[in-house]
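The structure appears below as structure tokens.
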Amino acid sequence: MSRRDQILDVALELLERDGVESLTMRSIAEAVGMRAPSLYKHVPDKRSLEAGLIARGLAAQAGVFERAARKRSPLAALAQAYRGWAREHPHLYRLMTDGPLPRDLLPPGVEAAAAAPLLAVTGNVGRARALWGLAHGLVSLELAGRFPPGADVDAAWRVGIAAFAATTTGSRSRSTS
């Protein structure tokens, strides 16, 4: 394992445990067992460090979403996988989605790999983006605690996915007639 990978492992542990505020070069260097200036030999700056974590998150999502897309009800399975992954990794999810994606620092194809199962299930880019928007909105509200106390968040997901599925099915049947 490279030193950069070790640094990203430690940074991910800090992020998952303590949130994005814990991602200082000093705290990461200390946790790795080196001085902060030495860290810069392996990770040029904080933006690069965050991009490395985002790339890891996208790669992890790609695997989870790929498995979900092969299920009997792939649309519902993808929504469940997206929500489950975000709830399991709320700090990494927020790092990945709160702000512009540093595409210039990501490995080629990592974003496309995470999106591919969604595109395959929805049939086109517009529907894939709409479903991602629905899922992202719901999960962001849930992670932020924005639903009222006692709200049936599961029902909101079921209704949203059912409405999306009905619209998708209707548009496909119209396009084939």
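Being over 17 Å from the mean Cα position of the chain (by Cα) and modelled with pLDDT of 95 or more is the requirement here; does Val64 meet it? Considered against the rule, which asks whether it is over 17 Å from the mean Cα position of the chain (by Cα) and modelled with pLDDT of 95 or more, Val64 comes out as no. For first residues located in the stretch 140-165 and closer than 22 Å to Arg94 by Cα, partners that are surrounded by fewer than 11 Cβ atoms within 10 Å (Cβ to Cβ) and lie 6+ apart or on another chain with Cβ distances below 9 Å form the pairs Ser140/Asp98; Ser140/Arg146. Among the candidates Gly123, Gly52, Gly109, the residue that is on the phi > 0 side of the Ramachandran plot and in contact with a helix residue (DSSP H, G or I) (Cβ under 9 Å, 6 or more places away or on another chain) is uniquely Gly123. The number of residues in the stretch 122-152 that are of a type in the set (A, V, I, L, M) and either touching a His at 6+ places or on another chain (Cβ under 7 Å) or surrounded by 15 or more Cβ atoms within 10 Å (Cβ to Cβ) (or both) comes to 8.
Restricting the stretch 15-72 to residues that are outside the structural domain of Arg83 (by TED's automatic domain parsing), free of Cβ contacts under 8 Å to residues at least 24 places away in the same chain and of a type in the set (Gly, Ala, Ser), the residue that is surrounded by the most Cβ atoms within 10 Å (Cβ to Cβ) is Ala29.
Within the set Arg4, Arg87, the sole residue that is touching a residue at least 40 places away in the same chain (Cβ under 8 Å), surrounded by 14 or more Cβ atoms within 10 Å (Cβ to Cβ) and of a type in the set (D, E, K, R) turns out to be Arg4. If you go through the stretch 85-105 and pick out every residue that is farther than 27 Å from Ala163 by Cβ and part of a helix (DSSP H, G or I), you end up with 6.
The values are calculated or read from the model by the stated rules, or taken from the named source; none is laboratory data. Worth saying up front: this structure is predicted, and the values here are computed from it rather than measured. Glycine also receives a Cβ, built like all others from the backbone with ideal geometry; neighbour counts cover every protein chain displayed.
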